[in-house]
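Worksheet: the structure to be examined is printed underneath.
The values are calculated or read from the model by the stated rules, or taken from the named source; none is laboratory data. For clarity, every value in this text was computed on a predicted model and none was experimentally measured. Note that each Cβ is placed from the backbone with ideal geometry, even for glycine, and that neighbours are counted across all protein chains shown. Heads up: the accessible areas ignore ligands, DNA and RNA and are worked out on the full protein's heavy atoms, side chains in. Shrake-Rupley method; radii C 1.70, N 1.55, O 1.52, S 1.80 Å.
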Amino acid sequence: MADRVTVIGWDGSPLTSAARSALSAATLVAGAAHHLALPEVPPAAERIRLGSVDLAARRIAGHRGTAVVLADGDPGFFGVVRILRAPEHGLEVEVVPAVSSVAAAFARAGMPWEDARIVVAHQRTLRRAVNVCRAHPKVAVLTSPGAGPAELALLLDGVHRTFVVCEELGTDREQVSVLTSDRAADHAWRDPNVVLVIGGVGAGGAGTPAVPWLMGQDPGVRSVRGWGLPAEEYAPEGYGPRGHVPGAIPPTRHGAGEDPALRAAQLARLGPRVGDLVWDIGCAGGAFAVEAARFGAAVIAVDTDPAACARTEAAARRHGVPLQTVPGRAPHVLENLPEPDVVRIAAGGVPVVTACTDRRPERIVAHASTRDEAEAIGTALADGGYAVESLLLQTVGLDPHDWSERERSVVFLLAGRRSDGAP
C-alpha cells in the first residue's frame with residue numbers, strides 16, 4: 001500500500017507550496033494528460049493517466065512509495081476523493097483543495113451560486129440531470145463526454161433556458177459562451193466543461209430572500225406551508241373569495257377529481273422528487289402540477305383546454321415554481337413528450353392509462369367516479385404490468401360553527417406500481 005496519498009486540486013493557478021512539496025516527494029503521480037505535463041511532476045515518478053479512477057485507486061493501493069493524484073478543481077466536490085476513500089481500497093488521503101469548477105464557472109458569469117442546484121451528468125444520469133434543469137431556475141451541470149451542452153439542450157426541447165458554457169476552465173484555452181438553449185445543440189463543445197443552466201420562474205433572484213440561509217433553492221420561498229391545499233390557493237390572479245375580477249383567467253370548476261384530499265393521496269403514492277419528470281394529464285386548475293413541482297420534480301401539465309393550461313401557468317407563477325404546459329388531447333399529445341417517472345391521470349380514461357403504461361413510468365395514479373370505470377382502469381393498469389391498489393375515498397367538509405355538512409366528495413383512487421422490481 002502507498003505510504004501516503006495526497007490529492008491535489010488544480011484550477012489553473014500556480015501550485016501552492018504544500019502542493020509542490022507533495023509533488024516533489026512523489027514516486028507515483030496520477031492525473032489527466034494536462035496534469036502530468038506540469039513541470040512540477042518529478043521526471044522519475046511513475047505516471048498514471050486517469051481514465052477509470054477505480055482502476056487507478058487499485059494501482060495506488062499496490063504501490064510502495066508516495067502517491068499524488070492531481071484533479072481539476074476541488075477534488076472533494078464531486079471528485080476523486082470519494083472513490084479513493086472507498087472501503088475496498090483502504091486509502092487514507094490528504095487533500096490540497098483548489099477552487100471548484102462550479103465556483104469558477106459562477107465567478108466567470110458574475111453570479112452568486114448559493115441558491116443553485118448542482119448535478120453531475122453522465123450518459124446514465126443525463127435524463128435526471130435534465131429534469132433538474134426543467135424544475136429549477138439555476139443549475140450547474142458538471143458534464144461528461146456524451147452528456148454535454150448539446151445533449152442537455154436536445155433533451156430540454158420546448159423549455160427555454162440560458163446556457164453559460166465554460167470550457168477548459170483554468171487553462172490557456174478557457175472559453176465562456178452565453179447562448180440560449182435552442183442554439184447549444186448546434187455547437188461542438190470541448191471537454192471538460194461546466195454548464196450553468198439559467199431560467200424559469202425565480203431566475204435572476206426573484207423570490208430569493210435578501211439574506212440566504214440555506215444552500216440550494218429555499219423550499220419555503222413563495223410557498224405556503226402544507227400539501228393537499230384548498231383549491232382556492234391555486235386560484236388565478238384576480239380571483240378570490242369576492243369573485244371574479246374582469247380580465248382575469250376564469251377559475252376551473254372543481255369536481256371530485258380536484259378534491260384536495262384526493263390530491264394529497266395521489267401525491268403520497270407517486271412520491272415526486274428531485275430528478276423526476278411528472279406528467280399531469282388533465283391539469284385543470286394546476287393544483288396537482290404546482291404541488292408536484294413544489295417537491296422539486298419537473299412537471300409537464302397536459303390539458304385539452306388552453307384555458308386550463310393558462311390557469312396552471314398562472315398558479316405556477318404565483319407559487320414560484322417552473323413547469324411546462326402542453327395543450328392537446330391525450331393520448332396522442334403524449335407521443336412526443338419525454339419519458340415520465342410518475343404519472344397522474346385526471347382525464348382520458350382507459351385509452352390514456354394504456355398509453356401511459358406503454359411508457360413504463362414507475363408509478364401511475366388515476367381516479368374514477370363510478371365502480372365500472374374504476375374496474376376498467378384497474379384492469380388496464382394490471383394488464384400493463386402494474387400492481388394495483390384501489391381505494392374508495394370519501395371526504396365530507398363540515399362547517400366548524402354548527403358541524404353541518406358543506407360538501408361531500410366520493411371518488412375511487414387507483415394507484416399502479418410497476419411490478420418489475422422498480423422502486
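Quick notes on this one:
- Scattering profile of the chain at q = 0.06 Å⁻¹ [log10 I(q)/I(0), Debye over alpha-carbon scatterers]: -0.34
- In loop segments of the range 1-92 as defined by DSSP, the GluC sites (Glu not before Pro) with at most 14 further C-beta atoms inside 10 Å of their C-beta are E88, E92.
- Measuring between their Cα centroids, the range 1-79 and the range 310-346 lie 48 Å from each other.
- Label-point gap, in nm, between A107 and E174 - each point 7 angstrom along Cα→Cβ: 0.7 nm
- Convex hull volume of the range 295-423 per residue (C-alpha atoms, cubic angstrom): 146 Å³
- Size of charge dipole - the chain - debye, nearest 20, with Cβ of Lys, Arg +1 and Asp, Glu -1, no other charges: 540 debye
- Beta bridges by DSSP in the chain, antiparallel share as percent, to the nearest 5: 50 percent
- Calculated FRET efficiency, E94 to M215, Cβ-Cβ distance, R0 = 25 Å: about 0.45 to the nearest 0.05.
- Simple point charges give the picture: +1 on the Cβ of Lys and Arg, -1 on the Cβ of Asp and Glu, and for the range 267-423 a dipole about the Cα centre of about 360 debye.
- Low-density loop cleavage sites - trypsin sites (Lys or Arg not before Pro) in the range 26-107, where at most 12 other Cβ are within 10 Å (DSSP): R64
- Each DSSP beta bridge with both residues in the range 1-87 is either parallel or antiparallel, and the antiparallel ones are about 0%.
- Solvent-accessible area, 1.4 Å probe, carbon plus sulfur percent, for the chain: 52 percent
- Once exposed loop chymotrypsin sites (Phe, Trp or Tyr not before Pro) are cut out (DSSP; at most 11 other Cβ, 10 Å), longest piece of the chain: 1-212
- Positive end of the dipole of the chain (Cβ unit charges, origin at the Cα centre): among T180, P75, A107, the Cα lying farthest that way belongs to P75.
- Under the Karplus curve 6.51 cos²θ - 1.76 cosθ + 1.60, θ = phi - 60°, whole-Hz ³J(HN,Hα) for the range 25-33, x wherever Gly or Pro sits: 9, 6, 9, 9, 10, 10, x, 6, 4
- A quarter of the convex hull surface defined by the alpha-carbon atoms of the range 1-117 gives 7.7 nm² as the mean projection.
- Accessible surface computed residue by residue for the range 23-62, with neighbouring protein chains in place and a 1.4 Å probe, gives 50 Å² per residue.
- Here the spin labels are modelled as points 7 Å beyond Cα on the Cα-Cβ line, and at L398 and H332 they lie 4.9 nm apart.
- Length available on full extension from Q123 to R360: 0.36 nm per residue minus the Cα-Cα distance, which gives 83.4 nm.
- Largest-first principal axis extents, alpha carbons of the range 277-366, Å: 34, 25, 21
- Mean residue ellipticity (222 nm) of the chain, computed from DSSP H runs ≥ 4 via -39,500 (n - 2.57), nearest 500: -7500 deg cm²/dmol
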